[in-house]
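Written out below as structure tokens is the structure these notes cover.
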Amino acid sequence: MTKLSQIVNNLTKNLTSRQKEFLEERFGVRDGQKKTLQELGDRYNITRERVRQIESEGLKIAKENFKKGDAGKIAFVAKNHLEVVGGIQKEDNFIENLKHILKDESLNKYQARLLFEISGQPFFSPENDDFHNFWYTDKSVLKKAGSFIDKAGKTFSKSKEQLIFQNKAGEIMAGLISSASLDDFSASNYLAVSKKFGINPYNDFGLSEWEEINPKTARAKAYLVLKKHGKPLHFRDIASTINKTGFNHKTVYPQTIHNELIKDNRFVLVGRGIYALREQGYYPGTAKEVIQKILKENGPLLQQEIIETIAKQRFLKENTILLNLQNKKYFKRLPNGRYHIA
């Protein structure tokens with residue numbers, strides 16, 4: 001099959017030079033930059049309306065040319081592909097799939113936009129606040145996709161912990177897909193066109209508004225790293241993990257992480273430069289305060305029991321613990337060898 005670039009040239013070959021120029025510039029075919037009516041009007045010192053008229057005249061001729069050659073075959077292939085994948089697909093994925101199907105690596109989105117505008121199908125929806133650029137077959141698909149996106153959003157909003165930290169994403173998605181009578185691929189394409197959802201560097205899927213999915217600050221990234229790691233880390237290791245995991249191209253420095261963790265009470269300093277998450281059961285405070293909390297929760301304990309319990313919470317040297325236990329102002333050693341709060 002003829003390459004898409006040649007097909008586009010054939011569709012515009014008998015246009016006037018200005019009709020061809022305006023049509024290609026308006027769709028970004030020439031340099032990947034879509035020009036506005038005003039920009040083209042300023043170029044030739046004519047009104048925006050006159051530019052629109054020339055563009056419209058060029059489209060009319062191109063649509064007549066469309067009835068000949070391979071252009072109709074490509075439009076048919078594109079629409080058929082969309083129907084197979086659920087009737088809708090994010091533009092980046094759609095173009096990559098077309099390249100493979102048509103065996104045309106030179107194909108680009110600007111050529112496709114112009115060709116399918118001329119053919120009248122499939123349909124293009126430009127990016128806005130809620131959606132990415134995407135292609136679709138008809139309005140009934142938009143309604144079906146919109147309904148599924150809304151339902152997924154409501155379900156996910158109640159399931160953050162299960163989706164990101166309890167490995168239940170597959171179970172939740174399976175329930176959603178089944179209830180909507182969709183196949184996995186169609187459901188995936190529906191969600192991909194919406195900006196409501198995102199994927200973090202750990203490949204967790206969820207709502208874009210969650211900082212666990214779209215962590216923008218060093219503090220948010222540190223939280224996700226510690227939560228995923230499941231145990232304390234030195235602030236230098238946290239910074240290194242952030243940089244290696246690929247949150248973005250911005251380098252995070254160890255001292256920045258250290259400064260951010262100190263400010264946030266979600267993080268607990270459990271050793272020299274070592275941080276953990278309070279929500280994972282780690283106690284903040286001095287060695288004395290940690291011992292007091294443990295004894296208050298567990299009652300009198302033997303010296304070794306105290307050491308072992310603290311080892312699960314803090315990186316304290318054994319001598320530090322023993323020295324604190326000798327402070328009779330705060331701790332009392334009972335006749336049975338157990339320690340209690342004085």
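What the table below lists for this structure:
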quantity: Residue check, Glu260 buried (at least 17 other Cβ atoms within 10 Å of the Cβ) and part of a helix (DSSP H, G or I); calculated: yes
quantity: Out of Phe247, Phe267, sole residue that is surrounded by 13 or more Cβ atoms within 10 Å (Cβ to Cβ), under 21 Å from Lys317 (Cα atoms) and among the aromatic types (Phe, Trp, Tyr); calculated: Phe267
quantity: Matching helices (runs of 4 or more DSSP H) fully within the range 1-77 where at least 2 residues are at pLDDT below 90, surrounded by 14 or more Cβ atoms within 10 Å (Cβ to Cβ) and within 35 Å of the chain's Cα centre (by Cα); calculated: 4-12
quantity: Tally of residues being farther than 22 Å from Gln280 by Cβ and not in a helix (DSSP H, G or I) across the range 302-316; calculated: 1
quantity: Only one of Glu64, Glu49, Glu83, Glu96 that is touching a residue at least 24 places away in the same chain (Cβ under 8 Å) and not polar (S, T, N, Q); calculated: Glu83
quantity: Counted residues, the range 26-39 - those being within 12 Å of Arg113 (Cα to Cα) and either in contact with a strand residue (DSSP E or B) (Cβ under 9 Å, 6 or more places away or on another chain) or free of Cβ contacts under 8 Å to residues at least 24 places away in the same chain (or both); calculated: 0
quantity: Residue check for Asp129: among the acidic types (Asp, Glu), assigned to a loop (DSSP other than H, G, I, E, B) and exposed (fewer than 13 other Cβ atoms within 10 Å of the Cβ); calculated: yes
quantity: Filter result (closer than 13 Å to Gly87 by Cα and touching a strand residue (DSSP E or B) at 6+ places or on another chain (Cβ under 7 Å)) within the range 133-159; calculated: Phe134, Trp135, Tyr136, Val141, Leu142, Ala145
quantity: Index of the failed condition, Leu163 passing every other in (1) in the same structural domain as Gly146 (by TED's automatic domain parsing); (2) closer than 21 Å to Phe131 by Cβ; calculated: (2)
quantity: Residue match in the range 268-287 (condition: modelled with pLDDT of 85 or more, part of a helix (DSSP H, G or I), touching a helix residue (DSSP H, G or I) at 6+ places or on another chain (Cβ under 7 Å) and not aliphatic (A, V, I, L, M)); calculated: no
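The values are calculated or read from the model by the stated rules, or taken from the named source; none is laboratory data. Given the structure is predicted, the values throughout are model-derived calculations rather than measurements. As a convention, Cβ positions derive from the backbone with ideal geometry for all residues, glycine included, and neighbour counts pool all protein chains shown.
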